[in-house]
Amino acid sequence: MKNFDKASKTLEFDKILEQLSECAQTASAKKKALTVVPETDRARIEQKQEETREAKIQQGVKGTPSFYGVSDVTDEVERACKGAMLPAGDLLKIARVLTCARTLKRYPPENHDQAHPFYRYFSRLIPDAALEKAITSAIIAEDVISDDASPELSDIRRKIRTVNNKVKDTLQKFITNNHYQKYLQENIVTTRSGRYVIPVKAECRSEVKGLVHDVSSSGATLFIEPAAVVEANNELRELQRKEEQEIERILYALSAEVSDRSGIITLDCYNINEIALIFARAELSYRMNGSFPTLTDGMCLKILRARHPLIGKDVVVPTDIRLGGDFSTLVITGPNTGGKTVSLKTLGLLCMMVQAGLQPPCSDLSVFPVFENFYADIGDEQSIEQSLSTFSAHMKNIVSIVREAGERSLVLFDELGAGTDPVEGAALAMSILEYVRARGALCAATTHYAELKAYALETEGVCNACCEFDLETLAPTYHLIIGTPGKSNAFAISEKLGLDRAIVDKARSLVSSDDRKFEMVIGKLDELRVMAEKNPEETLREKAEFENYSREERKKIERMSKETERTLERAKAEATGIIKSAKAASDYVLQKAEEAKKSAAVSDARREIRQYLRAQDDAINPLEEHVREEGYVLPRPLKKGDRVLVFSLDKEGVVQEEADKSGNVKLLIGSMIFRTGTGNLKLLSDEKKKENKTKSTVTSSSPSSVDFSPEIDLRGELGDDAWFMLDKYLDSAMIVRMPTVRVIHGKGTGALRKRIWSELKNDKRVSSFRSAAYGEGDTGVTVIELKLKK
């Protein structure tokens, strides 16, 4: 794995390993824990995760097994194999390994699956009770050999005790005899150079016969071995030498047995430390409240309720993080101290933990891909010694990242493009993100640049995200919101902190109108999201109502489509008759014109022609809109709750909002909301409702605009099929006299939008068409104004 050490330090994975080391119960497992690296093979990762999960289960059922303070005995075994005598302490270490292997062998439940990766380590353990007993029965402590180590040692120590008692009894007579007491400095028996002596006054040296072994520092006391015990002390020293020789023989014999079983001991030691490391991972999972993750072969990352493992449980805020699938690049924005960097580190750290066999602190519904490399540029890496500014230091690291990153790489950038001119920095940041995307890597980056927010909105495969910030408390909530760009909130924060209002207003005026509108849209979206989150029950209820409403509307649309098809068939038949009638009319007109040439009564002929054409015009237009009252003017401005008659629809409605600046009024007609001009409305009184209804001249067979949807969704359709559907839809719109309709075709490659526009340019039913405004669908929606006969 390239550049892992740097990414590990940047994301603080090394601190996770330190916590893992603290959980390990053997010295070797502690050392090994500090060298753990993420795996890149999915099978190996799944094996480690299965080991951790099973260890955690057994830990909850049976508790953590004892590892008896086992240490690595590889060096001791190797020395024994070379014929060296192992000291008692080293032999006790080996005995603890054998004891641990014996007890761990009994740890798995009786019905366990021996093929499970966790239990394979237990099956490899080979206890050696004979060698374990030989060592523990012979050696009581590091410096104490048992009398039962051998019969010879037991006999020698019995003799030593006998001679010891004989010497002490003899010397006791010296210190209790009144004759010798006056020559002694103290009435005690002590030892010098391993021999028993008594303290004699220097001036009485001639009164006590024996060997002088030592003199006190003052010279006033001589330590004399009386002649009566010299022979006994000599015998004692000889026995002690034999004892040492017997102990060496015993240790050599035990060392030879260790050498004979070196393979078993080494294998046991390895497996014990592996089991200890697995239980360390399980213990760390308990401490972090980790969960078993799901791995995927694809590059879709979904972490639910993710918690940064190095932040205390009482303060950490769970958040959801998604990357991959619909988008491979995530642009995270928001104010400083809002949690952007924490989210970035949480993303990278949890992915590393999963691939290292550690259970991440998140929901067990989370899904992780397998990355081959991790790259991170986070934090201020300014270097005075290397004469590097913040921007230069970051760029040096980024150069290395873009050179090495490729497919199955996770790339994390913090404040990408910062530290230089904002315009150039934003352009450079967009170019870097585009390059990393082209290399096939998953990428997440934090920024303050508005240009990157717009880039994420306009670019397919790039998604905005923001860290939520509470302006009331001026504190971040640390929730990561996917799909919404964040506001910097610089003006609001400054004003809350007490900056003069005039300064803030002046700053706002210096921001371009487009930027202000962009920030306002983001703010409005954020407010709506917060409202929805604060009222989840109401949101769910409204969602259910909307789904029911959608089902009913779909049924209505299906019925309307069938009725429209029948209406069109009738219209085609009528059109055929009208064409025949028009042809007959033209023939009649030509005939009359010829007759007029031959007749003097030209004016009579012309009058007869005009009468006939008016009759034909009445036949061609059998469906007329509701007759508007000549010179009708609203008696007063409309207000909310007024009942009105819509001339163009011949329908009654209720005013929902007063007229806007353009003179348009929002109406509720049936279950549908419409907007129309005040000139198309008549104020109704309760007494005249029935009278007004009788004035309608629209036939019952005409489709109702109340049931007609003002928009059509063509996303996913091919060009020819889409135009066929739109053509029929426009015919229906003309019939119900819908002045404005919306066509949803999506952004995509733009091919569908181009095809539709090419057809609309030559369509005589269309007055004009345009792309929808920002916030209404942008270039993914086309708004069409139709030519309606008055």
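The values are calculated or read from the model by the stated rules, or taken from the named source; none is laboratory data. The structure displayed is predicted, hence computed values, not measured ones. Surface accessibility is based on the protein's heavy atoms, side chains included, excluding ligands, DNA and RNA. Shrake-Rupley method; radii C 1.70, N 1.55, O 1.52, S 1.80 Å.
General remarks:
- As a length-normalised measure over Cα pairs under 8 Å and 6 or more apart, the relative contact order of the stretch 273-427 settles at 27 percent.
- Shape call, the stretch 1-124: gyration tensor on alpha carbons, a/c limit 1.5: oblate
- Note on surface exposure: Phe391, Phe174 rank Phe391, Phe174 by accessible area, highest first, 1.4 Å probe.
- Here the stretch 261-377 has 51 percent of its accessible surface on carbon and sulfur atoms, given a 1.4 Å probe and all protein chains in place.
- Other-chain or far-sequence residues with amide H under 5 Å of Asp642's (modelled H): Val655
- Exposure rank, largest accessible area first [Arg508, Arg570; 1.4 Å]: Arg570, Arg508
- Coupling constants for the stretch 155-165 follow from the phi torsions by the Karplus curve (6.51 cos²θ - 1.76 cosθ + 1.60, θ = phi - 60°), and in residue order they are 5, 4, 5, 5, 5, 4, 5, 5, 5, 4, 5 Hz; glycine and proline get x.
- Surface composition of the stretch 85-162: carbon plus sulfur atoms hold 51% of the accessible area, using a 1.4 angstrom probe and ignoring ligands, DNA and RNA.
- Over the stretch 4-90, relative contact order from alpha-carbon pairs under 8 Å, at least 6 apart, %: 24
- With protein chains left intact and a 1.4 Å probe, residues in the stretch 407-458 average 40 Å² of accessible area per residue.
- One Cα centroid belongs to the stretch 132-200, the other to the stretch 543-566; the line between them spans 108 Å.
- Between amide H atoms placed 1.01 Å from N, distances below 5 Å from Lys666 occur with Gln656, Glu657, all of them 5 or more places distant or on a separate chain.
- DSSP beta bridges confined to the stretch 279-405 are antiparallel in about 70 percent of cases.
- J(HN,Hα) series, the stretch 129-134, from Karplus relation 6.51 cos²θ - 1.76 cosθ + 1.60, nearest Hz, glycine and proline x: 5, 5, 5, 4, 5, 4
- Taken per residue, the accessible surface of the stretch 86-184 reaches 53 Å², heavy atoms only and a 1.4 Å probe.
- As computed over the stretch 126-187, the Cα convex hull volume per residue (Å³): 89
- Near His479, the amide H atoms lying under 5 Å from its own belong to Glu468; only residues 5 or more places off or on other chains count, and H is placed 1.01 Å from N.
- With all protein chains modelled, accessible area of Lys30 [1.4 Å, Å²]: 80
- Taking 0.36 nm per residue of separation and subtracting the Cα-Cα distance, full extension of the segment from Ala227 to Leu310 would add 22.3 nm.
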